[in-house]
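**Q** Below: one structure in C-alpha cells.
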Amino acid sequence: MKGTIALGLVFLAYPFVLSNAFYLDIGVALLLAAISASAWNIVGGYAGQVSVGHCMFFGVGAYLPLLVYQHWQLPPIVGVPVGIAISLVLAILVGMPTFRLTGHYFSMATIAVAELIRLVVSTWDFAGAAIGLQGPAVGRGWYDLTFRGELPYYFIFLAVLAILLFVTWQVQRSRFGYYLRAIKAGERAARSLGVPVRRTKLYALMLSAAFTSVAGSLYAIKTGFIDPDSGFGILVSVQMVIIAALGGAGTLYGPLVGAIILIPLQTATNTWFGGGGTGLTYILYGGIIVVLARFEPGGLHEMWHRIAPRFMRGRDAA
Amino acid sequence: MLLSAQNVSKEFGNLRAVAGADLSIDEGEIIGLIGPNGAGKSTFFNCLAGDTLPTTGKIMFDGVDVTTAPPETHARLGIGRTFQVPATFEDMTILDNVMVGAFLRHPHRADARDHALKVLDLVGLKDRQEMRARSLGTPGRKRLEIARVLATGPRLMLLDEALAGLTPAELQQAIALVRKIHETGVTLVIVEHIMEVIMTLARRVIVFNQGHVIAQGEPQQVVKDEAVIEAYLGRGHRNWRKRG
C-alpha cells in the first residue's frame, strides 16, 4: 500500500518537477504505453491468452473519435464509447470461435484479423484510407478533451491508468481473477474444477478490448491524427506485449514497470539516432524478447521476487 | 445409484481402448479400478470425468445424462477428479490453488478462503498455505490435488493413481487421508496399480483388460480370479506354476 501511494505521488509530482516539454512528452507517452500494456495484461498476462493483434482494438478506439469529428463535426470524445462498443463486438467475434480451440490459434487469429482490418482501413476512403484522419486543428477545451498543452493530457492519462489498475486489482482478488490464473496455469485442470474456461477467457478479452480501445481514443485525441500504421500497425500490438512481458505479465504493476523502462529508452534511441535509426525500435524489441526468453521469462517482477529475499537477508546480516 | 455407465466404448481410429464397459456405483462406495498397462482403465476413467467423449454408451450421474457434458459440468454436478501426473497450478500459492476449487460453491472471496483453509487443514497442508505449488514434492502435490478437488464439494471423487510414487510411510498417510475423505460422505473410485491400496481401501474391485471389464467383486475374491491372474501374468503362468 505504501509503495502504491509513493508511486502515485511520484507520478503526480513528475510534471511539476520535470516541466520541460520534452520530459512531459515522455511522461504522456509512458502513461499511454502503460495503459495499453495494462489493458493487454488482463487477457495476455493473467489468462495467458497471448494476443498479438490487440492493435485492432487500439485502432478502432483511435479512429472513432476522429471519424465522428470529421464526418459529423461532433466532439471527438463522442467517438470513445462507440469505439468501445465496436471493440467489444470485435472481441466477441474473434474470441468466440478461437477460444474453442487450444494452442496458438487465438494468437494467430488476432494477428490475422488485425492485419485484415489494417488493409481494409488503408483503402477505405471513409476512414481516410492510407492518409488517415485529423482531429481539431487547435485544442478547444474540456468539453471534448482537446487541449493546447500536454499537461491536461498527462493528468487525464494518469487518471485512466489509475482506474485501470484499480479495476485490475479488483479482478485479481475476485473469483474471475483466480479463474484467469488457473486457466493460464492449466486449462484441463481448471475445467475439472468447474471453471467455465471459454466464457472466462471471452470476458477477459472483452474487458481488455474495452480498455485498449480507450487507450487508442486517448492517443488519437491527444495526437489529433491517426493513420492505418499508427492505429492498426503490428508494432502497436508488439509494444504492448513487450512492455507487459518486460515488467512481468500477469502482475498488477508489471506493465507500468515495463513502460517506465522501455519508453524513455525508446525515446532516447529515437532522439540519438533521429531518422537514421528508423528500424532501431524493432531491434530493441527483438533484443528484449531474446533476453527475456533466455534469462527471465517471468520479467522483472519475477527477477525481483528471486533476488529480493537474498537482498533482505544480506541487509539483516549487516 | 449415484453413477451408472452402460456399454461405454471409446475408439481412437482403429484402436478400441474401451469396448462396451458397464459400471454402476452406489453412494458411499469405494471402488478400485485395476488392470494391466494399456487395459483401457484411464480412458474409461476420462470418459467418466467428462474429459473424453465416449464413442458409444451412456453415462448417468444422479439421474442426469452426463455422457457428452464437459468437465466443468461434471464438477458442478459433484464429480471431481485428480490427474495421473499432478496438474497443480505451479505459480499459484497452495491456498490459491485450493481457492480455485472452493469458488465453485463459494463465489465470495472470504467464504472461498475460509472453506479452502478448512480443506487444507484436513489434508495437512495448512501450515504451507503461502508456499507456491511448485515448491512441493510429489506427495505434497498429490495432496494438493486432492485438496483442490475436495474444495469443489464433490459427491464422487475419481482418483487417478493419486497414491503412486509415495514411500511406504507416505502411502500409509495417504491411505488414512482417503479414509478420512470417505468418512465425510464422498464416494470414491480409485485407479491404482499398488495392490496394497486397493486391498486396503476398496470394497469392490473392477478389473479391466483390453478394454473389457473381465472381473468384478470383493478384492479378496477378485485377486484369485483365473482371468485376472491371466491378464496380469499371461497364459504361461500355469506352466510356470507346474514347473515350480
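The values are calculated or read from the model by the stated rules, or taken from the named source; none is laboratory data. None of the values given here were measured: they were computed from a predicted structure. Cβ atoms come from the backbone with ideal geometry, glycine included; neighbour counts cover every protein chain shown.
**Q** With touching a residue at least 40 places away in the same chain (Cβ under 8 Å), within 30 Å of residue A:294 (Cβ to Cβ) and in a helix (DSSP H, G or I) as the only criterion, which of A:230, A:213, A:217, A:208 stands out?
**A** The unique qualifying residue is A:208.
**Q** Then there's this: When you scan the stretch A:110-135, how many residues do you find that are surrounded by fewer than 20 Cβ atoms within 10 Å (Cβ to Cβ) and over 21 Å from residue A:71 (Cβ atoms)?
**A** 6
**Q** Filter the strands (runs of 3 or more DSSP E) completely within the stretch B:173-244 down to those with at least 2 residues that are at pLDDT 85 or above and surrounded by fewer than 20 Cβ atoms within 10 Å (Cβ to Cβ).
**A** Passing ranges, in order: B:212-217.
**Q** Moving to a separate point now. Kindly establish whether residue B:182 is farther than 27 Å from residue B:16 by Cα and either touching a helix residue (DSSP H, G or I) at 6+ places or on another chain (Cβ under 8 Å) or not hydrophobic (A, V, I, L, M, F, W, C) (or both).
**A** yes
**Q** I'd like to verify a number: residues in the stretch B:54-88 that are free of Cβ contacts under 8 Å to residues at least 12 places away in the same chain and farther than 25 Å from residue A:185 by Cβ, how many?
**A** Number satisfying all stated conditions: 2.
**Q** Also, I was wondering about something else. Tell me, please, whether a residue that is more than 7 Å from chain A (Cβ to nearest Cβ), in contact with a strand residue (DSSP E or B) (Cβ under 7 Å, 6 or more places away or on another chain) and not in a strand (DSSP E or B) can be found in the stretch B:104-111.
**A** Within the stretch B:104-111, not a single residue is more than 7 Å from chain A (Cβ to nearest Cβ), in contact with a strand residue (DSSP E or B) (Cβ under 7 Å, 6 or more places away or on another chain) and not in a strand (DSSP E or B).
**Q** For the stretch B:36-90, what are the residues that are hydroxyl-bearing (Ser, Thr, Tyr), facing another protein chain (nearest Cβ under 10 Å) and assigned to a helix (DSSP H, G or I)?
**A** B:73
**Q** Sort out which residues of the stretch B:142-172 are at positive phi and modelled with pLDDT under 90, and write them in order of number.
**A** Passing the criteria: B:161, B:165.
**Q** Sticking with this structure for a sec: It is to be established whether one or more residues within the stretch A:27-48 are part of a loop (DSSP other than H, G, I, E, B) and out of contact with any strand residue (DSSP E or B) (no Cβ under 7 Å at 6 or more places or on another chain).
**A** There is at least one residue in the stretch A:27-48 that is part of a loop (DSSP other than H, G, I, E, B) and out of contact with any strand residue (DSSP E or B) (no Cβ under 7 Å at 6 or more places or on another chain).
**Q** While we're on this one: Residue check: is residue B:114 charged (D, E, K, R), in contact (Cβ under 8 Å) with a residue 12 or more places away in the chain and surrounded by fewer than 23 Cβ atoms within 10 Å (Cβ to Cβ)?
**A** No, not satisfied.
**Q** Only residues that are at the interface with chain B (Cβ under 9 Å from one of its Cβ atoms), basic (Lys, Arg) and out of contact with any helix residue (DSSP H, G or I) (no Cβ under 7 Å at 6 or more places or on another chain): list them for the stretch A:177-225, please.
**A** Listed by number, the list holds a single entry, A:188.
**Q** Applying the selection to the stretch B:1-16, what residues are at pLDDT below 90 and either assigned to a helix (DSSP H, G or I) or buried (at least 16 other Cβ atoms within 10 Å of the Cβ) (or both)?
**A** B:16
**Q** Being closer than 20 Å to residue B:12 by Cα and in contact with a strand residue (DSSP E or B) (Cβ under 6 Å, 6 or more places away or on another chain) is the filter here; which residues of the stretch B:53-83 pass it?
**A** Correct list: B:54, B:55, B:56, B:57, B:58, B:59, B:67.
**Q** On to the next question. Would you mind finding the one in A:246, A:218, A:265 that is closer than 30 Å to residue A:74 by Cα and of a type outside the set (Gly, Ala, Ser)?
**A** Criteria check complete, one pass: A:218.
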